[in-house]
Amino acid sequence: MIRNAVLCLTGLDLTTFKKLSNLFVTFTVDITEMQKIHHNTRQAILQFIDFFYPLFKRGFSLQTFRYAACGGVNTLLDIGLFSFSYHFIFKKHDLALAFITISPHIAAKILSQSISIPTGFYLNRYVVFQQSGLKGHHQLQRYLLVVLISICLTYFFLTLFVDYLGWYPSIANIATIFIVVVFSYTSQTFYFFKAKD
């Protein structure tokens, strides 16, 4: 009866309706599979990190250790992507677009952060700051704000170190990361992912 009402209201024929129904069922199954993958990935990351926690228990809380581990891996990912793209994708040459020319170290940073920013959010949301009590979209908004500030700091320090102080881009990137990590950890711990009281 519902099917007939939908067919009448939408003007779909029975074959098209069945195809759309099958597509919806497939989409629902795909979401369920993605949720399983997410759960298994999250559990594997937590088990791996928590395995090493007893070695650092005296110096760090579990949350700080998880932040350091996730942030360290994400930082290494960013450094690796930056170095690879600087040397092999942009080949140390400016990126000339129709309306702007981007220096190779800034272009490499844009590329590396386009991957490390979403990875960082996933790790912070589902591994480090699980108990924040904030809804996902609020965490995302706050995370994007800290990312925006971090990008501005990154641009400022990369430009300062490379263009004005003459540092080698990879070294400047690592120094910049350490400066931005201090800001990022402080802001995320005490504001952006802070647990509700």
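The values are calculated or read from the model by the stated rules, or taken from the named source; none is laboratory data. Worth saying up front: this structure is predicted, and the values here are computed from it rather than measured. Please note: Cβ atoms are built from the backbone with ideal geometry, for glycine as well, and neighbour counts cover all protein chains shown.
Observations on the model:
- Residue satisfying all of: in the stretch 174-186; surrounded by 18 or more Cβ atoms within 10 Å (Cβ to Cβ) and either hydroxyl-bearing (Ser, Thr, Tyr) or not assigned by TED's automatic domain parsing to the domain that holds Leu77 (or both); nearest to Ser61 (Cα to Cα) among these: Ser184
- Residue, modelled with the highest pLDDT, within the stretch 98-144, restricted to residues that are small (Gly, Ala, Ser) and outside any helix (DSSP H, G or I): Ser103
- Answer residue from the stretch 157-178, given it is of a type outside the set (A, V, I, L, M, F, W, C) and at pLDDT below 90 and is nearest to Lys92 (Cα to Cα) among those: Ser170
- Residue match in the stretch 113-126 (condition: more than 14 Å from the chain's Cα centre (by Cα) and in the same structural domain as Gly71 (by TED's automatic domain parsing)): no
- Residue within the stretch 128-135 that is touching a Leu at 6+ places or on another chain (Cβ under 9 Å), assigned by TED's automatic domain parsing to the domain that holds Ser184 and charged (D, E, K, R) present: no
- Residues of the stretch 161-173 classified as assigned to a helix (DSSP H, G or I) and either under 22 Å from His87 (Cβ atoms) or not assigned by TED's automatic domain parsing to the domain that holds Gly72 (or both), total: 8
- Residue in the stretch 34-51 that is outside the structural domain of Val180 (by TED's automatic domain parsing) and among the aromatic types (Phe, Trp, Tyr) present: yes
- Filtering Leu160, Leu111 for residues that are surrounded by fewer than 17 Cβ atoms within 10 Å (Cβ to Cβ) and free of Cβ contacts under 8 Å to residues at least 60 places away in the same chain leaves a single hit, Leu160.
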